[in-house]
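*Asks:* Structure incoming, see below.
The values are calculated or read from the model by the stated rules, or taken from the named source; none is laboratory data. Just so it is clear, the structure is predicted and the values come from calculations on it, not from any experiment. Cβ placement follows ideal geometry from the backbone for every residue including glycine, while neighbour counts extend to all protein chains displayed.
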Amino acid sequence: MDIKSLYHNYLQYKETERAHGKDSFFHASSAGSCYKKVLYRHFDYPHTPMDDRSYRLLRLGTIVHKDIEEAIIGGIKKLIILKKLFILKKK
């Protein structure tokens, strides 16, 4: 069993799953790109497929982003709870 190929196929699947049904949307990751590149992607012009390393880097970024987002949301929830407790103690 070739783990590297197996993971690459999984990452390709995740990318198509993410893009499915979102043809008319622009993504934040393309905000700094050349406007022609953004339009070519939007109108589905042929492009060079990503290599294995690019898929892995993009997946790593997605995972780290999700972790940071969850940490921030958890921190905000804790602050809200602490604020409510503080208000209750004050009464």
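*Asks:* Select from segment 34-44 the residues that are surrounded by 13 or more Cβ atoms within 10 Å (Cβ to Cβ) and of a type in the set (Ser, Thr, Tyr) and list them in ascending order.
*Replies:* Selection gives TYR40 alone.
*Asks:* Anything in segment 38-59 that is among the basic types (Lys, Arg), in contact with a His (Cβ under 9 Å, 6 or more places away or on another chain) and at pLDDT 80 or above? List them, or say none.
*Replies:* Hit for segment 38-59 is ARG56, nothing else.
*Asks:* For ILE68, indicate whether it is among the β-branched types (Val, Ile, Thr) and modelled with pLDDT of 85 or more.
*Replies:* Considered against the rule, which asks whether it is among the β-branched types (Val, Ile, Thr) and modelled with pLDDT of 85 or more, ILE68 comes out as yes.
*Asks:* Now, a different point. Applying the selection to segment 63-76, what residues are over 18 Å from LYS14 (Cα atoms) and either of a type in the set (Val, Ile, Thr) or part of a loop (DSSP other than H, G, I, E, B) (or both)?
*Replies:* ILE68, ILE72, ILE73, ILE76
*Asks:* Do you know which of the residues in segment 1-29 that are of a type in the set (Gly, Ala, Ser) and on the phi < 0 side of the Ramachandran plot is modelled with the highest pLDDT?
*Replies:* Residue satisfying both the conditions and the ranking: SER5.
*Asks:* Pairs under 6 Å by beta carbon, first residue closer than 18 Å to ILE3 by Cβ in segment 52-78, partner modelled with pLDDT under 95, six or more apart or different chains?
*Replies:* Here the result reads ASP52/HIS8; TYR55/LEU11; ARG59/LEU11, each pair linking segment 52-78 to a residue that is modelled with pLDDT under 95.
*Asks:* Scan LEU79, LEU85, LEU60, LEU39 and give me the residue that is within 20 Å of the chain's Cα centre (by Cα), part of a helix (DSSP H, G or I) and among the aliphatic types (A, V, I, L, M).
*Replies:* LEU60
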